[in-house]
Amino acid sequence: MVESYEAVVYDLDGTLVELDVDWALVTREVADRLENHGVATDGATLWNLLKRADAAGVGEVAEELVATHERVGAHTSERLPLADELPLSVPVGVCSLNAETAVRMALERHGLVEAVEAVVGRDSLAPHKPQPEPLLAVVSRLGVDPAETLFVGDSETDEITAERAGTAFQYVEERLGE
């Protein structure tokens, strides 16, 4: 594939691979763990639970539980059709809300490590997507201009992240021509 951008950055889960993670189970386990630490969970989403855990000073407890599930899920993850376009003729990165170790494990499992030059995961730095810093960190590591970078993802969060970072954005379905 010939790229009109200086670099392409992908989201991971739902874009290049599908992590084998039961997110409802993870959310219940994190809520249970946080309740044991006195943190109110009252039907919060997983991402809100992680924020509450941080605010309560037990972020590492919740983060490690989620990351463990992601690493296990990386081992049995499914390669998605978009992964078949790699490698590209331009630098490639991954910017994900998954733990960096899980991202790297999934890339390894599916033979994509050599095609990806830079990785930033949820635990690589703060803040997280949809804030622009994670995507800008990948772009910086690739040594390119954000305005000349395409971010490919599967969610509105990815689209907002690209807008805030000043990169172009494309949904997976558009990239695949669906």
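Each value in this text was obtained by applying a stated rule to the coordinates, not by laboratory testing. Note that the structure is predicted; figures quoted are calculated from it, not measured. Virtual Cβ from ideal backbone geometry, glycine too; neighbours counted across all protein chains shown.
Taking other residues whose beta carbon is less than 13 angstrom from the beta carbon of V139, and scoring Lys, Arg as +1 and Asp, Glu as -1, yields -3.
Within the shell of other residues whose beta carbon sits under 9 angstrom from the beta carbon of F151, the net charge comes to -3, with Lys and Arg scored +1 and Asp and Glu -1. All C-alpha to C-alpha distances of the range 17-145, sorted into 5 Å bins beginning at zero, yield P(r) values of 2, 11, 19, 19, 19, 14, 9, 5, 2, 0, 0 percent in whole numbers.
Between helix 23-36 and the chain there is an angle of about 40 degrees, using the helix long axis and the longest principal axis of the Cα atoms. With the gyration tensor restricted to C-alpha atoms of the range 85-178, the semi-axes of the equivalent ellipsoid amount to 18, 16, 14 Å, longest first. Overall shape: oblate for the range 67-135, with the ratio a/c of the largest to smallest alpha carbon gyration tensor axis at 1.5 or above and b/c at least equal to a/b. Within the shell defined by Cβ-Cβ distances under 13 Å, the residues around V72 carry a net charge of -3, with Lys and Arg each +1 and Asp and Glu each -1.
Per-residue Karplus couplings for the range 52-59, computed as 6.51 cos²θ - 1.76 cosθ + 1.60 with θ equal to phi - 60°, are listed in order as 5, 4, 4, 4, 8, x, 10, x Hz, Gly and Pro entered as x.
The helix-only estimate of mean residue ellipticity at 222 nm for the chain, built from DSSP H runs of length n ≥ 4 each weighted as -39500 (n - 2.57), is -12500 deg cm²/dmol after division by the residue total. Here the range 23-75 is described by how far its Cα atoms reach on the three principal axes: 32, 20, 17 Å, from widest to narrowest.
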